[in-house]
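Asker: Handing you a structure now.
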Amino acid sequence: MAAGFKLAILAVACALLLATPACHCRPSELRVGYYEDTCPEAESLVRSAVTDAVTGNDDGIGIGAGLIRLLFHDCFVQGCDASVLLDPTTSNPAPEKLGAPNAHSLRGFEAIDTAKAALELACPGVVSCADVLAFAARDASYILSVGNYNEPIEFAMPGGRLDGRRSMAEDTLHGSLPSASANVTELVDAFQTKGLGVEDLVVLSGAHSARCSFFSDAGGGVGIDPAFARSVRRRCSTPEQAPAPSPAAAAAGENDEERMMSLDAVTPGALDGQYYRNVVRRRVVLGSDAALMASPETARIVRASVGRNGRWEKKFGEAMVRMAAIGVKTKLGAAGRRGRGEVRTNCRVVN
């Protein structure tokens, strides 16, 4: 009888395993406190650099939102391996940051540079750029959520990623990164391809911020309040100008002088649940945001995220950790073989 019971348990476990969608991550090889012994100051040094960049800069809110977006754009292309940070070189003139979804729109590179420089002084060659980016996105999430009506977003981010050596603009195309006009089916497919679920899609969408170039032609598309779209289009022509980047940053395809503005007119610059109230009221501009109300499943999750009860903040932290485990390169790959990663000395170039 005991043997039969064990067989039944095994059958249930196998069924659950087979029912689980394939995941493009190795979460068991990442762990919280990864640098406790090798570089105890690692996470505090990253937090200090991010705090200075977000709170001590006139455009700090944009930098904070940019760091969260930077992690998303890194992880969805070749996994979370800091490949999006690599600059063009003679041998590789078109890295990921010059891909169509990224060129002149990604932000936060300087904060990563500052954090990495501090880490190389404290513990040279130990902390990967991929982990710096993951920690930075976590810290930006907390800073942008503090002081709002909602609960602050606090979560532990595991470490242990290695940096990749491949970075190609062509890899950002062909649906790797869902477009701002994607419908709900395309969005769900893009996330499921990476081993993420429908709830992850809706929860992570709460971090959206956008440049005017994404919606300068807004005129009230499907599911969008036409009056609100017209209002945003007017405001988008005369927003605050973001500081111009250095010539080197501009050449590398980083944020240029194009102007930015918050999509959330109610709590601009805050990472909170107001986004979901805007989605329900159709006061959004991106088609991908409006699309979240197009299916019963995503609409249900949107409505469940509206309340100020800390639910969305908790879910957001959990989804960020799952996203930051996509396709990671770690010290030991399959069958104990060395993975295809490294710890860069400079996040902008391979060793």
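The values are calculated or read from the model by the stated rules, or taken from the named source; none is laboratory data. Computed from a predicted model, the values in this text were never measured in an experiment. Surface accessibility is based on the protein's heavy atoms, side chains included, excluding ligands, DNA and RNA. Shrake-Rupley method; radii C 1.70, N 1.55, O 1.52, S 1.80 Å.
Asker: Sorted by accessible area with a 1.4 angstrom probe, largest first, how do Met168, Met323 fall?
Answerer: Met168, Met323
Asker: Across the range 94-103, in residue order, what do the Karplus-derived ³J(HN,Hα) couplings come to in whole Hz, using 6.51 cos²θ - 1.76 cosθ + 1.60 with θ = phi - 60° and x for Gly and Pro?
Answerer: Each residue's phi maps through the Karplus curve to give 10, x, 4, 5, 9, x, 3, x, 10, 4 Hz.
Asker: Sticking with this one: Under the rule of at least 5 residues apart or a separate chain, name every residue whose amide H is placed under 5 Å from the amide H of Lys329.
Answerer: Leu162
Asker: Could you give the length gained on full extension between Ala100 and Asp58, defined as 0.36 nm per residue of separation minus the Cα-Cα distance, in nm?
Answerer: Taking 0.36 nm per residue and subtracting the Cα distance, the gain is 12.4 nm.
Asker: Can you put Tyr275, Tyr34, Tyr142 in order of accessible area, largest first, using a 1.4 Å probe?
Answerer: Correct descending sequence by accessible area is Tyr142, Tyr34, Tyr275.
Asker: Once amide H atoms are built 1.01 Å from N in the peptide plane, which residues 5 or more positions from Gly159, or in another chain, come under 5 Å H to H?
Answerer: Those qualifying (amide H under 5 Å, at least 5 residues apart or on another chain) are Arg31, Val32, Gly33, Tyr34.
Asker: Within the set Lys194/Lys315; Lys97/Lys314; Lys97/Lys315, which residue pairs have Cα atoms separated by over 24 Å?
Answerer: Over 24 Å Cα-Cα: Lys97/Lys314; Lys97/Lys315.
Asker: Heavy atoms only, probe 1.4 angstrom, no DNA, RNA or ligands counted: give me Ser48, Ser91 ranked by accessible area, highest first.
Answerer: Ser91, Ser48
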